[in-house]
Amino acid sequence: MAGNEDVLVTVAGGVGRLTLNRPTALNSLTHDMVITMTATLTAWAHDDDVTAVLVTGAGDRGLCAGGDIVAIYRSAQDGGAEARRFWHDEYLLNALIGSYPKPFIAVMDGITMGGGVGLGAHGSVRVVTDATKMAMPEVGIGFVPDVGGTLILSRAPGRLGLHAALTGAPFDGADAIALGFADHYVPRERLSDFTTALQSDGVERALAGNAEVPPPSALLAQRAWIDRCYAGDAVADIVAALRDCADEPAGTAADLIESRSPVAVSVALEAVRRAASLATLEDVLRQEFRISCAALRSHDLVEGIRAQVIDKDRNPHWSPASLAAVTAADIDAYFASADPDLTFEEQP
């Protein structure tokens, strides 16, 4: 099956391989890439010549830095229809990966953020490396963790998921395993051997011959102060607790949260908490679709992308401008029906 220049599609040794091929753009996702991967995975699900799927990123910088946020920015300025279609199809792809009937191996080497996490963290064989740099950094552009990320964040040990969601700070491969975003640790220098073994020996032997016990998670080691500080009802309470905490990283976390969109971090807190009581990935994706569509109508998404990517002045002017100015009604509005909401057909 043929892909396009941005997604390379090959089959060898029974392994169907999808290679994201926009290395100069950190393999960021376009709508066409989502459509190509969905069509290919749907076909492979019923192809006896394909026994497993492998997803990797071209180049040595990472699997995928996320969605093409410049395209989101332009769509938001033009009414938002294309961004809504992109998220609709991207979230369907995330659900397809989450229920895929064959081994789905994702190599989350290097930068794996936002939409890249959605491609990897719902697979059945989730691999990170010593070079993995993962994050759900959406609050920094006035957005909220999506692509099913709030499902994983809500089920992370203690309140580590809230820390990752509200700061947007990156974490490494060992942390990714501790948080529940990955399962296996393969050093980058062994990835070529791992890929070769997948085709010749199958998934289990490839892992047995190349995966290692990960180093200790630095994030997990900080769980005591994170669990204590992130217990507050509102983001302002969490920031206050972080300021009062004697552990040095807590102050850095407070600085990060206060630099993010006040409404986005407030919605992110509520989204992760609500995701904890949702039963399935599809349920969470439906909630995230509602939030994403609401963000598309907001001031902060356009302003955040402008400040970080378009003008690059790194000086966003958020509205509301402070955590104290965010109301319960502001937060609740993000969880209203997307009219129509995201729906799911039976996956292959």
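Values as computed for the structure displayed
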| item | result |
| --- | --- |
| Flag if Ala178 is more than 24 Å from the chain's Cα centre (by Cα), among the aliphatic types (A, V, I, L, M), surrounded by fewer than 24 Cβ atoms within 10 Å (Cβ to Cβ) and modelled with pLDDT of 95 or more | no |
| Pairs, first closer than 18 Å to Ile257 by Cβ in the range 307-321, second in a loop (DSSP other than H, G, I, E, B) and of a type in the set (Lys, Arg), C-beta under 8 Å, six or more apart | Ala307/Arg314; Gln308/Arg314 |
| Strands (runs of 3 or more DSSP E) wholly inside the range 78-162 containing at least 3 residues that are among the hydrophobic types (A, V, I, L, M, F, W, C) | 104-108, 125-128 |
| Residue in the range 138-145 that is more than 23 Å from Phe104 (Cα to Cα) and surrounded by fewer than 24 Cβ atoms within 10 Å (Cβ to Cβ) present | yes |
| Filter result for the condition that a residue is without any contact (Cβ under 8 Å) to a residue 40 or more places away in the chain, out of contact with any Pro (no Cβ under 7 Å at 6 or more places or on another chain) and of a type outside the set (Gly, Ala, Ser), over Asp47, Asp60, Asp68 | Asp47 |
| Selection from the range 205-217 of residues that are of a type outside the set (A, V, I, L, M), within 26 Å of the chain's Cα centre (by Cα) and within 17 Å of Leu54 (Cα to Cα) | Asn210 |
| Qualifying positions in the range 39-66 - touching a helix residue (DSSP H, G or I) at 6+ places or on another chain (Cβ under 7 Å) and of a type in the set (A, V, I, L, M, F, W, C) | Leu41, Val50, Ala52, Val53, Leu54, Val55, Ala58, Leu63, Cys64, Ala65 |
| Subset of the range 14-24 (residues that are buried (at least 16 other Cβ atoms within 10 Å of the Cβ) and either under 20 Å from Gly66 (Cα atoms) or at pLDDT below 95 (or both)) | Arg17, Leu18, Thr19, Leu20, Asn21, Arg22 |
| Residue check for Asp175: of a type in the set (Asp, Glu) and either closer than 30 Å to Ala76 by Cα or not in a loop (DSSP other than H, G, I, E, B) (or both) | yes |
| Exclusive hit being more than 18 Å from the chain's Cα centre (by Cα) and modelled with pLDDT of 95 or more, set Ala329, Ala264, Ala295 | Ala329 |
| Total residues in the range 246-261, condition at pLDDT 95 or above and not in a helix (DSSP H, G or I) | 2 |
| Close pairs from the range 232-258: first farther than 22 Å from Ala135 by Cβ, partner outside any helix (DSSP H, G or I), Cβ under 9 Å, at least 6 apart | Ala234/Val326; Ala236/Ser322; Ala236/Val326; Asp237/Ala231; Ala240/Gly232; Ala241/Tyr230; Ala241/Ala231; Ala241/Gly232 |
| Candidates Gly168, Gly118 - the one that is crowded, with 22+ Cβ neighbours inside 10 Å, touching a residue at least 12 places away in the same chain (Cβ under 8 Å), of a type outside the set (D, E, K, R) and within 26 Å of Asn210 (Cβ to Cβ) | Gly118 |
| Every residue from the range 264-315 that is surrounded by fewer than 21 Cβ atoms within 10 Å (Cβ to Cβ) and in contact with an Asp or Glu (Cβ under 8 Å, 6 or more places away or on another chain) | Arg286, Arg290, Ala307 |
| Which numbered condition Ala231 fails, given (1) more than 29 Å from Val107 (Cα to Cα); (2) among the hydrophobic types (A, V, I, L, M, F, W, C); (3) part of a helix (DSSP H, G or I) | (3) |
| Test result for Ala221, in contact with a strand residue (DSSP E or B) (Cβ under 8 Å, 6 or more places away or on another chain), farther than 30 Å from Asp332 by Cβ and of a type in the set (Gly, Ala, Ser) | no |
| Condition check for Arg205: touching a helix residue (DSSP H, G or I) at 6+ places or on another chain (Cβ under 7 Å), of a type in the set (D, E, K, R) and either exposed (fewer than 14 other Cβ atoms within 10 Å of the Cβ) or within 22 Å of Gly142 (Cβ to Cβ) (or both) | yes |
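Quick grid of which residues meet (1) surrounded by fewer than 24 Cβ atoms within 10 Å (Cβ to Cβ); (2) over 12 Å from the mean Cα position of the chain (by Cα); (3) modelled with pLDDT under 95; (4) among the β-branched types (Val, Ile, Thr):
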| site | (1), (2), (3), (4) |
| --- | --- |
| Asp60 | yes, yes, yes, no |
| Cys64 | no, no, no, no |
| Gly79 | yes, yes, yes, no |
| Gly98 | yes, yes, no, no |
| Lys102 | yes, yes, no, no |
| Gly123 | yes, yes, no, no |
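The values are calculated or read from the model by the stated rules, or taken from the named source; none is laboratory data. Keep in mind that what you see is a predicted model, and the values were worked out from it rather than measured. In this analysis, Cβ positions are derived from the backbone assuming ideal geometry, glycine residues included, and neighbour counts consider all displayed protein chains.
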